[in-house]
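The structure under discussion appears below in the form of structure tokens.
The values are calculated or read from the model by the stated rules, or taken from the named source; none is laboratory data. Nothing here was measured: the structure is a model prediction, and the numbers come from that model. Note that each Cβ is placed from the backbone with ideal geometry, even for glycine, and that neighbours are counted across all protein chains shown. Side chains are part of the model used for accessible areas, which takes the heavy atoms of the whole protein and leaves out ligands, DNA and RNA. Shrake-Rupley method; radii C 1.70, N 1.55, O 1.52, S 1.80 Å.
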Amino acid sequence: MKIVKLKKENLFSFLEAISEEAELWAPVQKYENKHSFQLIKDFSQIDLKYTRTILPPKKLFLPPTFNMFLATEQGYEEDFSHATKKILFGVHPCDIHGLLILDRFFQHVFDDPYYSKARQNTLILGLSCWPDENCMCKSTNTHIIEEGYDLFFSELENDYLVWIGSSQGDDCIRIKPGFFDEDITDEDIQIYIKWQNERDKAFQVDINFVAMPDLMELKYENPIWEKLGDACLACGSCSNVCPTCNCYNVLDKPLLNKDTSEIGRCWDACTLESYSEVAGGENFREKRAQRLKLWYTHKLQAYISKYGKPACVGCGRCASTCPVDINVQTVAKALEGKDMDTFWNRLSKEVTK
Amino acid sequence: MNGENKCMNQTNPYLPEAARIVRTYPLTEDVKFFQVRLVDMEKAISFKYSPGQFAMISVLGAGEAPFSISSTPSRPGLLEFCIRKAGTVTNAIFKLKENDHIGIRGPYGNGFPIESMHGKDIIIVMGGLGAAPLRSVLLYCLDNRDIFGRVALLHGAKRPAEMILREEFFALKERNDLECYLTVDADDTGKWKENIGVVTTLFPLLKDINPSKTFAFVCGPPVMYKFVLKELIKLNIPKNQILMTLERRMKCGVGKCGHCAIDYIYTCIDGPVFTYWDVIHMRELI
Ligand SMILES: Cc1cc2nc3c(=O)[nH]c(=O)nc-3n(C[C@H](O)[C@H](O)[C@H](O)COP(=O)(O)OP(=O)(O)OC[C@H]3O[C@@H](n4cnc5c(N)ncnc54)[C@H](O)[C@@H]3O)c2cc1C
Ligand code: SF4
Ligand code: SF4
Ligand code: FES
């Protein structure tokens, strides 16, 4: 792979130059310590030191709600207005891995044109990061990234190492050739390696994901699920924030005074009660415990069995979001039979029933 | 199974095709028969599907829902559905008249591996609305009668008035190249001349089954499966030769919305047809 060097002070000028014909989206601080990928109008808004955004990049490819097509008596009119040309800057490795999982999913058997068009129209510009107490990406082996980006920016002291991952990425570099230095010195490499080693040591969470498929199977009937189910508020937040959750509902919204409907999609969550209802009011997963089992089967078991890695990319969003502390970390610990007391005591305190 | 998973619209699987209701009439108090035809002639003729596949039907302003295709691919051009009134979408479908338009997309799902059953014996066990997907298998067997061995049909309903497509099934009794056994749980008309009792009471009528060359198709209300499967196992039919369809909530039909998931199986693309052997290994059962 081709690697070049960019001086830090040239980053924003570079982004400005390449985003003339596309929307630039990047992390900005929205509330105290809460970040969000936003459309950038003023470059000073960009926060290069963010840890994680509230919602993952999936919101740009399949927004929380959007219209798929207009249905009339005369026919159907496709609507791809969400798939504008975009440059998404500042994506961390875990989130790029999340997109790779979504890519595989949305192209499996049938290609989802709403996802694929938006994906094709978006350049991914990755950015290196530093873990906090909730980051689990070293355990999921998604703390490094080798594919899925057009450019990736690794921060050194005064420069970025820029990894060129695609021909579109290379085209961007060629817009401002003067900014990029092909001469990577030994000193640069030493700084990079030192940074990598220090970052590896900064991870505070260590989960053995390889053991999870077996533990899910062995503990499928274990009472821990009932306890987790009792605590879960069925709010669906974990699904909204997870970069690999993809469930949605379909909406038919009739327009007033017309024989026309907007057929749209909105995010859904398997933790919500209405999710598995079928005709006749029958529900295959009436209990919260059953629904949590489905969620964690998908994160910890299904994908590992099929592709050798979990469908969790370790971003830590569930950990920083769930109001009752049910997340990959606590569930994995519960499955391993570790730290049970602390966890359960905390749960019962936080849940007023 | 048939492994095709190809729907009409190759570039946007979510986009329906306009179809016209050619014929509709009530089958029971809450089930109606619909014969429809795609408005685009070429698409109507080239619409390819297997028995056991389903289509998503939409009504403007009401939404969309999955329905088994009840017709057979051996009679191309028209698609048939048996639809029970259950909620928003089905209520809207019930209000439609002949010549009205609906949207159709599909076909979806794996369907029954019927092409691989040449020379085999077929037992079809249906209860209630289970006749909807299995009628397609039955008609397919009848249209290709020579390539199958023995064909037996066991059909049960609660009461005579609730047996959908009963005239069609009565007519089959006249044929000597298939065994057709009908039953009702209870006869409130006093005119029922066939068997009375649940569908399993028909099993003694099936004589000299050759289990290794027999494929059984089962579809009906959840309560029916348990008892019928027991009978089929008693007949020594291998578990991977017993085929059934599973019903789940479905919003997309193309393996994306997640609603139909059982563990990590997506009923809409990996199913809805599963063998009894598959189903035993699903942790969240029927
Ligand atoms: C593969 C497959 C094949 C099928 N084949 C056939 C067929 O051949 N014929 C047939 O008649 N049916 C068939 N079905 C079932 C059919 O799809 C359902 O009956 C249909 O989806 C009902 O849609 P509806 O909008 O009319 O009902 P809905 O309005 O969705 O309501 C159905 C019931 O579900 C409950 N419900 C639904 N959503 C909610 C909610 N958000 N909150 C609370 N309660 C809710 C209600 O209690 C209601 O009674 C099939 C299903 C599948 C998966
Ligand atoms: S399960 Fe939690 S940590 Fe894993 S990807 Fe989803 S939100 Fe991130
Ligand atoms: S696990 Fe937590 S975030 Fe997810 S639905 Fe339950 S309470 Fe909400
Ligand atoms: S119906 Fe949407 S995934 Fe199966």
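Here are some notes:
- Residue within region A:246-269 that is within 13 Å of another protein chain (Cβ to nearest Cβ), under 29 Å from residue B:15 (Cβ atoms), within 16 Å of ligand 4 (Cβ to nearest atom) and of a type in the set (Ser, Thr, Tyr) present: yes
- Screening the candidates A:33, A:67 for the property of being surrounded by fewer than 21 Cβ atoms within 10 Å (Cβ to Cβ) and at positive phi yields one hit, A:33.
- Positions within region B:136-151 being open to solvent by less than 10 Å² (accessible area, probe 1.4 Å) and within 15 Å of residue B:175 (Cβ to Cβ), in sequence order: B:138, B:141, B:151
- The residues listed here are A:100, A:127, A:123, A:88; of these, the one that is away from chain B (no Cβ under 11 Å) and touching an Asp or Glu at 6+ places or on another chain (Cβ under 6 Å) is A:123.
The rows are residues; the columns are (1) crowded, with 22+ Cβ neighbours inside 10 Å; (2) hydroxyl-bearing (Ser, Thr, Tyr); (3) at pLDDT below 95.
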| site | (1), (2), (3) |
| --- | --- |
| B:65 | yes, no, no |
| B:68 | yes, yes, no |
| B:71 | no, yes, no |
| B:79 | yes, no, no |
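- When residue A:330 is tested against (1) of a type in the set (Ser, Thr, Tyr); (2) under 17 Å from the mean Cα position of the chain (by Cα); (3) assigned to a helix (DSSP H, G or I), only condition (2) is not met.
- The residue that is nearest to the other protein chains (Cβ to nearest Cβ), among those in region B:17-34 that are of a type outside the set (D, E, K, R) and open to solvent by 10 Å² or more (accessible area, probe 1.4 Å), is B:18.
- Every condition in (1) of a type in the set (A, V, I, L, M, F, W, C); (2) open to solvent by 40 Å² or more (accessible area, probe 1.4 Å); (3) assigned to a strand (DSSP E or B) is met by residue B:218 except one, and the failing one is (2).
- When region B:237-251 is filtered for residues that are open to solvent by 40 Å² or more (accessible area, probe 1.4 Å), within 14 Å of chain A (Cβ to nearest Cβ) and either of a type in the set (Phe, Trp, Tyr) or within 19 Å of residue B:112 (Cα to Cα) (or both), only B:247 remains.
Conditions (1) in contact with a strand residue (DSSP E or B) (Cβ under 9 Å, 6 or more places away or on another chain); (2) open to solvent by less than 20 Å² (accessible area, probe 1.4 Å), marked per residue:
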site: B:49; (1), (2): yes, no
site: B:53; (1), (2): yes, yes
site: B:60; (1), (2): yes, no
site: B:74; (1), (2): no, no
site: B:104; (1), (2): yes, yes
site: B:118; (1), (2): no, no
site: B:134; (1), (2): yes, yes
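Residue by residue, here is whether (1) touching a residue at least 12 places away in the same chain (Cβ under 8 Å); (2) within 14 Å of another protein chain (Cβ to nearest Cβ) holds:
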| residue | (1), (2) |
| --- | --- |
| B:190 | no, no |
| B:209 | yes, no |
| B:235 | yes, no |
| B:260 | yes, yes |
| B:277 | yes, no |
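- Strands (runs of 3 or more DSSP E) completely within region B:38-99 that count 2 or more residues being within 16 Å of ligand 4 (Cβ to nearest atom): B:54-59, B:63-68
- Pairs, first within 20 Å of residue B:37 (Cβ to Cβ) and at the interface with chain A (Cβ under 7 Å from one of its Cβ atoms) in region B:57-70, second in a loop (DSSP other than H, G, I, E, B) and away from ligand 4 (no atom under 14 Å from the Cβ), C-beta under 9 Å, six or more apart: B:60/A:73; B:60/A:259; B:64/B:16
- Neighbours by Cβ (under 6 Å, 6+ apart or cross-chain): first from region A:293-315, within 11 Å of chain B (Cβ to nearest Cβ) and part of a helix (DSSP H, G or I); second within 16 Å of ligand 4 (Cβ to nearest atom) and hydroxyl-bearing (Ser, Thr, Tyr): A:302/B:264
- Every listed requirement among (1) at pLDDT below 85; (2) surrounded by fewer than 21 Cβ atoms within 10 Å (Cβ to Cβ); (3) on the phi < 0 side of the Ramachandran plot; (4) assigned to a helix (DSSP H, G or I) is met by residue A:280 save one, (3).
- Residue in region A:269-276 that is part of a loop (DSSP other than H, G, I, E, B), touching a Pro at 6+ places or on another chain (Cβ under 6 Å) and in contact (Cβ under 8 Å) with a residue 24 or more places away in the chain present: no
- The one condition from (1) within 19 Å of the chain's Cα centre (by Cα); (2) within 30 Å of residue B:16 (Cα to Cα); (3) crowded, with 19+ Cβ neighbours inside 10 Å that residue B:256 does not meet is (1).
- Residues of region A:221-233 satisfying the condition of being open to solvent by less than 20 Å² (accessible area, probe 1.4 Å) and either within 14 Å of chain B (Cβ to nearest Cβ) or part of a loop (DSSP other than H, G, I, E, B) (or both): A:225, A:232
- Being without any contact (Cβ under 8 Å) to a residue 12 or more places away in the chain, open to solvent by 20 Å² or more (accessible area, probe 1.4 Å), among the charged types (D, E, K, R) and over 30 Å from residue A:256 (Cβ atoms) is a condition met by at least one residue of region A:9-28.
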